[in-house]
Amino acid sequence: MVRIQKLSSLLSNQIAAGEVIERPASVVKELIENSLDAGATQIDIEIEQGGMRLIRIRDNGSGIHKDDLQLALNRHATSKIYDLDDLEKIMTLGFRGEALASISSVSRLHLASALDSTPGWAITSNGTDSEPQIAPSSHPKGTTVEVRDLFFNTPARRKFLRTEKTEFEHIDEVVKRIALSCFHVNFTLKHNQRLIKQYRPANSDIECEQRVASLCGADFTEHALKIETEIEGIKLLGWIGLPTFSRAQADLQYFYVNGRIVRDKLVSHAVRQAYHDVMYGGRHCAYVLFLTIVPQQVDVNVHPTKHEVRFRESRLVHDFICRAVQDALAHVRPGHHEVCAPTEMTFNHQHEVHKKELVHEHATQAVQYSKPVIHRQNPMPFKVNEQMAVYNQLHQPDTAPTPKSPPLGFALAQLQGVYILSENDEGLILVDMHAAHERVMYEQLKKNMQQGIASQPLLIPISVTLTEREANIIENTPELFTKVGLKVERIGQESIVVREVPELLRDSNIVQMIRDMAADLIVEQQSVRIEEHIQHILATMACHAAVRANRRLTIPEMNALLRTMEDTDHSGQCNHGRPTWMKLSMEELDKLFLRGR
């Protein structure tokens, strides 16, 4: 029988390295985080052969004391925490003291460091049980770590590495993710003695946006909203892409908690829920978001690579993120990204309400227009300038310096019974009238639903058989079901009964919904299935009620729709995520027709 024995320090470190170090990019991440924790403002990364031959990280941080060099290569040796209280309020990126020990066990490591006004010292480890060597070093303030021949003594691990190009791409992505959260730090990245990237310090809002553009692409910043909101000690700021700037993959999603990048299911679900009725099916949103929270409210010590976190008040964090993103998207108005106060103005093509408001009440000032008929001899049967004069008199203060057209301009004509052609100060506006009216109707239906969901008592209550755990969680969260118009009662150890359902869901599969909600509550501590199902029904109702193709609209009706779009949440997309309008500026039109060449 094999007896129990203690593992050697080298073997323990190599096992730990398997948790911390997956590939060269993992080494780069750990070393850069150590530099940032040391207060560095300049970090230079040099890579050779994708990191398999050499990884060198040089910083200008606080440095390491000579007497601490050997201890720095031991497991669970750190300067970042001292007791249990420190572990409960971690604000540093590293804290376990495993990185250098793990790296040194699977590579040839050379570390040189110096404090202020003191001689530098260096320590060398060859990935063996032999004692590391310490020697003087002419090193400026800061630290340099050289990692050579990664996994040279663990060939089984080395053979799982990919090509040099692939490994460097992973390193490039790690540097990119860290540079996105450390705007004040200057980063340089070299590969095989060639400068690949340099991210200069960003100290102003404009410079921060420029860094985001350099990392995520100029298209992202041009089609992104900047958000900043705070509540109950939680702060969220960053950039979220407009729904029209969607991606085929979730490859442009960066979320940071107290400066640490994380991949968290709760966060992903919150953002995805905020986009759910404005994003085209199968597409993914783009965002760079930073969450600041009291360190005692988040546990970063739940995963070896520290990629996951656990929030103490997970429901609060989820709802805060979802509402913040949702509100920012809802208040985007055509023509700009500023947040506008929503109004109660609605459009109904079956009535003449807006026609009266926008035209008839001001008949002495406005010109009445009938359905436009385009003739070659008279290509413009109505005058946009006269509409603009009426609009500015109604919407602009008397002291307005120059008259301006509204963001979506004034209607010119209808194209093939599908699109509205409109003109504003900048050029031509094209509006998909069905998609636009569908969004307007949908938002109005949602507002009506916010006043309360009508329930319908069942003549024959529905019994649902569940597991005991599912029945327990439903019994303990009655407010969740009441809020969406469901009245449920527990009648047995593994069964409940449904006595009331929302009127809109009277023909739906209630049993399956209850089971799905219970599963959601167990996995995610919440469920929005009923709300989403109701919203799906409302979206279908809006789609059927919206104006159809080939329905001829009068000019006042078209203008009423344009004005209502400007005051409607999410009016840039229909209920399915498709764009409702687009603009062709005069500059774009000139390029199209080669004017000025």
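All of the numbers you see were taken from the coordinates with simple rules; none came from a lab. Here the structure is a predicted model, which is why all the values come from computation and not from measurement. Ideal geometry is used to build each Cβ from the backbone, glycine not excepted, and the neighbour counts take in all protein chains shown.
Couple of notes before you dig in:
- The slack in the chain from Ser117 to Arg315, taken as 0.36 nm per residue of separation less the alpha-carbon distance, amounts to 66.3 nm.
- Checking the cross-link pairs Lys6/Lys190; Lys176/Lys591; Lys29/Lys265 against a 30 Å limit on the alpha carbon distance flags Lys6/Lys190; Lys176/Lys591 as lying beyond it.
- By the rule of a C-alpha distance below 19 Å, with chain neighbours fewer than 8 residues away ignored, the lysines paired with Lys404 are Lys383, Lys583.
- For Thr92, no residue 5 or more places off, or on another chain, has a built amide H under 5 Å of its own.
- Residue-count net charge about Leu150 - beta-carbon cut-off 12 Å; Lys, Arg +1, Asp, Glu -1: +1
- Per principal axis, descending, Cα span of segment 205-330 in whole Å: 37, 33, 29
- All Cα pairs of the chain, percent lying beyond 47 Å: 34 percent
- Reducing segment 1-73 and segment 228-297 to their Cα centroids gives an inter-centroid distance of 30 Å.
- Ser571 sits among other residues whose Cβ lies under 12 Å from its own Cβ, and their net charge, with Lys and Arg +1 and Asp and Glu -1, is -3.
- Axis of helix 24-37 versus longest Cα principal axis of the chain: the two differ by about 90°, to the nearest ten degrees.
- Longest to shortest principal axis, alpha-carbon extents of segment 47-120, angstrom: 42, 31, 20
- Normalised by the number of residues in the chain, the average gap of Cα pairs under 8 Å and 6 or more apart makes the relative contact order 11 percent.
- Convex hull volume of segment 9-197 per residue (C-alpha atoms, cubic angstrom): 118 Å³
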